[in-house]
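Below: the structure, in structure tokens.
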Amino acid sequence: MKMRDISESQRQFALLGGIFAAALVVSLIMGWILFPSLAYARKAQPINYNPPLHVEQIGITCDTCHFFYEDGSWAGIPTLETCVDCHSDIIGASPEEEKFVNEYVKKNREVKWALYVKQPECVSFSHSSHVRMAKIACETCHGPQGHSDPKDYLANRITNYSYVVYDPRVPLNAFTIIRDKGETVWGTMRMDECTACHRSRGTSTACFICHK
Amino acid sequence: MTSEHTTPKLERCSRQKFLVWLSVWGLLLAWGLYGAFLCLFKGLNQTGMNNYFVFGLWITVDLAIIALGAGAFFSGFLFYILKVDHLKDLIGAAVVIGFICYSGAIGMLTIDIGQPLRGYFSFWHANVHSMLTEVIFCITCYLFVLTIEFTPLILENKRLSEFPLFKYIGENLHGIMAVFALVGTFLSFFHQGSLGGMFGVLFARPFAYRTGVAIWPWTFFLFILSAIASGPALTTLVVWTTQKVTGKQLVRRSTLSKLAKLSATLFFVYLILKAADTVYWANVTAPQMGFAFTRFYQGPYGMELLFLELFVFGLLPAVLLLIPKAREHDFSLVIGCLFICMGIVLNRFVMTVQTLSIPVLPFEKFVAYAPTWQEWAVAAAVLGYGVIVYSLSYRYLHLFPREHELNA
Amino acid sequence: MKTESGDQRIARYGMTIDVDKCTGCGTCAVVCHMENNVPFTVDESDKSRNMAWMRIYKVDNGLDYPHVRVVYFPRPCMQCDHHTPCVSVCPASATNYDGLTGIVDQINTRCIGCRYCMAACPYMVRCFNWWDPVWPKDMEKHLNPDVAPRMRGVVEKCTFCSHRYLKAKDKAHNEGRDYLREDEYVPACVEACPVGAMRFGDLNNPEHAVAQLIQSPRAFRLLENLHTEPKVYYLSSYEWVRKLADNFA
Amino acid sequence: MLPTTFEFRWDAGHMIFFGVFYAVVIAIFTSLVYVAVKSIIDVYRDMTARNEANASEHPEHPHEATNEAVIAKS
């Protein structure tokens, strides 16, 4: 009898402890796996552009379309005008190509590309300083984008910024979001990635260098 | 339940009367919340502040109530560390007053900054060289400590202490309260000082700038001293008021006198140092920066402010409360404590608003500042909030351990 | 910036303003507004709350006609050197002194709006955004894309048009150059001054005109007694003007 | 605040400031954890003691006995 009663208080405590542990596990699962996938929306590009085809098979380089102007400013995402240089008529038999020429080129409509690397309004970034002066390869920040085949991209539902820079096959959970700074090719291009690189190279980290 | 924690039943007014009392202050609070809402929703253009007066009524009130709230840490220090036993009578009340002052100040600061949602930046991206960073870190930590000090008082409540867990948490917290008192004292020293330092380091504002030791200007030390001097004065005042409002004897009369004496002594020392600082600043520091002492006192902020601060709300109450007989009379006790508190408020006003009113640039003119009703409303809300929290604490918690014994 | 030999050349960009030449026309203030997307308020006559990175003060010598003399003091941010009042006080590290250019810069999206820097600045340089910035619909198209508009509740100030520095650097980098020529980076106000009263350049570089001008006996700074070490120098031949700048101390 | 933020530097100012800050935070939290753990142990000890007392008083029907006792007291 005495034994039973002691075990009763023990049982009550064990029950409370069990509830606590279970709640902890549930919270961890939610935080690590559920919320990251809820926070990002998978979106498709308006046209399924095929980088490996352009880069590997045709052999054009990044700066053919993403070129520099005389004053050092950078063209950014190519406008229809640049695409039309090659795509004035349908090349090959791809249905996406057909859609692109018929829907956009013929109708003279700009494609509203979803940007993988959009930065907020307060950031100014100079491609010429990084590419021309510091001789940093495009892949250093953008990853092997020209060799991968992104089908869709992940956009943060609140901020609308994309998460994985070039490869949507990476599983989306907190382990890939909070990742070692060395592997920045997956990164979200946040301020700490810029500053870590600036610091390690000894370049200026003044506010105005990156903030306008 | 063990008998040592069963509290004797205390006489309290009827619920109806209490609700009327609360709703009066609730109205004040609601008015203030409306003002705060306007400031948050429409922006700080709702205030009377401008590019000259970047700090206004709110900072003055913030600085003042933080100084006056120092009663909590100082009484805690005296009671838990130095074992000054007669403070047991009102240590609970001192903690509640401190809690009200600090939470009120932080609430007001949140409205005062232009981007409240970014408030956490001052923690995350802290600039350790700024006095304001020190203030923000310390008052947040200290509010946390005050909350912990407040908790056992709440858990002593008859209903709550029926739950064994609450009872034990209260008891155990009480058991190691000395640790929190010590941490609180440390934090308080630094933020009271840093609030003074905030203005003392403005080396481009000759009116506020003071030389000092290492990174700390003299105002750093003056603010600490004035805060620990005025804190007990406010505690005395509030306890006396509570006795008048409730019509009960809550603490021994001698405790109030002792507290007032302590306050006056410290205030007297503070005044001597303040006078020395003023003389040095007027004759050495300011002239070195190209400013004559007399140039600082213009318009509505004339030399009479200095006179009021040093004498009427300075020397007068200090000397008054140092006379044992005067401390025995309620009238002079209250006047003395009130004047000490007003002296501190005036000092904080001068350090903030008057500093900003003095043109440093040769082309600028002397400007005056008037708060809008929104600013007054928010400041009044802190008072309303304070009275409500204090009344609730008095009604439902055992703030004054001797109440039963003294009203038997 | 690095020189050809590879060592870091530390620039100290500064400005000289010849108050004897200044006519008070206000062009510098207007172009500053346009260049930096500085918002304006409904009531611009309320100078205590309006935004002005470049403010022009009209000052006279206090005498009656015919002895009265008037000068104009255009006042950008003084970009105080090494002992900058506003930088050390910011609790959120939103403002900074850049050691490589001497520019006192700011991250507007970092500012929490505590206004402590405004209290610290004796030159009244910093302005607080009391309202949300609003531009007339058509005018929004004319905003400068190189400068992000600020939001309500933050402090802003003159940055010596640091975006122009970045643009000049972009161009230099594109040409494979690692240094800037004197005329490549110039703030909008200096560029626009119709009488050439303002000069801009590197105070550390003896070849730049400003480095020579600040050696002149005509050169003085505002409130030198405070030891804020401004990098904006004024030039005047009149003694009362030079004395006025330091409150006649 | 953390060594990972951009503003953090390993200099004397940061080490003193954050050293003190984290010392305070650790002091507060260890005290709180101590109080929490001790309170839980106290509650557990109380429960055990009460059960023991009940069990020894009324070995046959402990629960009924407790109820009766409460009713009798009130």
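Where a number appears in this text, it was derived from the coordinates with a stated rule and is not lab data. In this text the structure is predicted, and so the values were computed from the model without any measurement. Heads up, the Cβs are rebuilt from the backbone with ideal geometry, glycines too, and the neighbour counts pull from every protein chain shown.
What lysines could a cross-link reach from A:K107, if we take a straight Cα to Cα line under 23 Å and drop same-chain neighbours fewer than 8 places away?
A:K99
Going by average Cβ density within 10 Å per residue, which order do the peptides A:22-33, C:110-121 take, highest to lowest?
Working: A:22-33: 11.4, C:110-121: 25.6.
Descending mean neighbour count gives C:110-121, A:22-33.
Relative to the longest principal axis of chain B, what angle (0 to 90°, nearest 10) does the C-alpha long axis of helix B:177-200 take?
20
Per DSSP H run of at least 4 residues, take -39500 (n - 2.57); add these up for chain B, divide by its residues and hand me the 222 nm value, nearest 500 deg cm²/dmol. Don't jump to the answer; show the numbers that get you there.
Numbers: 16 runs with 256 residues, N = 408.
Helix contribution divided over all residues of chain B: -21000 deg cm²/dmol.
Find the cysteines in chain C that fail to meet the 4.7 Å Cβ criterion with every other cysteine, and list them.
Cysteines lacking a close Cβ partner in chain C: C:C22, C:C25, C:C32, C:C80, C:C90, C:C111, C:C114, C:C121, C:C127, C:C161, C:C193.
Search the structure for amide H atoms under 5 Å from the amide H of C:Y233, placed 1.01 Å from N in the peptide plane, and list their residues when 5 or more places away or on another chain.
Close amide H contacts, sequence-distant or interchain: C:M15, C:T16, C:I17.
Considering only B:A36, B:L308, D:V20, whose Cα is most displaced toward the positive end of the charge dipole of the protein assembly as shown, charges sitting on Cβ of Lys, Arg (+1) and Asp, Glu (-1)?
B:L308
What ³J(HN,Hα) values, in whole Hz, does the Karplus curve 6.51 cos²θ - 1.76 cosθ + 1.60 give for segment B:282-296 when θ = phi - 60°, with x put for Gly and Pro?
Couplings: 5, 9, 10, 4, 5, x, 4, 8, x, 10, 7, 3, 5, 5, 6 Hz.
Which entries in C:K141/C:K167; B:K17/D:K38; B:K17/B:K158 show an alpha-carbon gap greater than 30 Å?
Numbers: C:K141/C:K167 20 Å; B:K17/D:K38 41 Å; B:K17/B:K158 22 Å.
Cα-Cα > 30 Å for B:K17/D:K38; rest within.
Using a 10 Å cut-off on Cβ to Cβ distances, tally the other chain neighbours for every residue of C:146-153 and report the average as a whole number. Intermediate results must be reported in sequence, preceding the final value.
On the way: counts 3, 3, 7, 2, 1, 3, 6, 9.
Mean inter-chain Cβ contacts per residue within 10 Å come to 4.
With θ set to phi - 60°, apply the Karplus curve 6.51 cos²θ - 1.76 cosθ + 1.60 along segment B:155-162 and write out the HN-Hα couplings as whole Hz, x wherever there is a Gly or Pro.
Here the 3J(HN,Hα) series is 6, 6, 3, 4, 5, 5, 6, 5 Hz.
In straight Cα distance, which lysines are under 29 Å from C:K21, not counting same-chain residues fewer than 8 positions off?
Reachable lysines: B:K365, C:K47, C:K58, C:K157, C:K231, C:K243.
Out of residues 5 or more away from C:R55 or on other chains, whose amide H comes under 5 Å of its own, with H placed 1.01 Å from N in the peptide plane?
Answer set, sorted by chain and number: C:R75.
So how do B:281-290, A:8-17 stack up, highest first, on mean other-Cβ count within 10 Å? Display every interim value, and only then the final one.
Details: B:281-290: 16.6, A:8-17: 13.0.
The most tightly packed comes first, giving B:281-290, A:8-17.
Quick one: 3J(HN,Hα) in Hz for segment B:299-309, Karplus 6.51/-1.76/1.60 with θ = phi - 60°, rounded, Gly and Pro as x.
Karplus-based 3J(HN,Hα) across segment B:299-309 equals x, x, 9, x, 4, 4, 5, 5, 4, 4, 5 Hz.
Relative contact order, percent, of segment C:13-244 when contacts are C-alpha pairs under 8 Å separated by at least 6 residues?
Numbers: 406 pairs, mean separation 68.5, N = 232.
The normalised contact order for segment C:13-244 reaches 30 percent.
Could you tell me the distance between the Cα centroids of segment D:1-35 and segment B:194-224, to the nearest Å?
25
Counting alpha carbon pairs within less than 8 Å and at least 6 residues apart, what relative contact order, in whole percent, applies to chain B?
Numbers: 573 pairs, mean separation 121.2, N = 408.
Relative contact order here is 30 percent.
Of the listed peptides C:140-149, B:175-184, C:34-43, what is their order by residue-averaged count of other C-beta atoms within 10 Å, with the highest listed first?
On the way: C:140-149: 14.4, B:175-184: 19.4, C:34-43: 17.3.
Most protected by this proxy first, the peptides run B:175-184, C:34-43, C:140-149.
Enter the mean number of other protein chain beta carbons within 10 Å of the beta carbon of each residue in D:44-50, as an integer.
On the way: counts 5, 2, 5, 8, 6, 1, 3.
Average neighbour count from other chains, rounded to a whole number: 4.
What 222 nm value per residue comes from the helices of chain C, counting each DSSP H run with n ≥ 4 as -39,500 (n - 2.57) and dividing by all residues, nearest 500 deg cm²/dmol? Could the numbers behind the result be given before it?
Numbers: 8 runs with 52 residues, N = 249.
Result for chain C, helices only: -5000 deg cm²/dmol.
Could you tell me which of C:A168, C:I103, C:T84 has its Cα farthest along the dipole of segment C:13-244 towards the positive end, charges placed at Cβ (Lys, Arg +1; Asp, Glu -1), taken about the Cα centre?
It is C:T84.
Relative to the longest principal axis of the C-alpha atoms of chain B, give the angle of the C-alpha long axis of helix B:15-42, reported between 0 and 90° and rounded to the nearest 10°.
In chain B, helix B:15-42 runs at an angle near 30 degrees to the longest axis.
Using only atoms on other chains, find how many Cβ atoms lie within 10 Å of each Cβ of peptide B:136-145 and report the average. Please list the in-between numbers first.
Values: counts 4, 8, 3, 0, 0, 4, 1, 0, 4, 4.
Across the residues of B:136-145, the mean count of other-chain Cβ atoms within 10 Å is 3.
Could you list which residues have their amide H under 5 Å from that of A:V123, counting only those 5 or more apart in sequence or on another chain, with H placed in the peptide plane?
Here the answer is A:K212, since their amide H atoms fall under 5 Å of that of A:V123.
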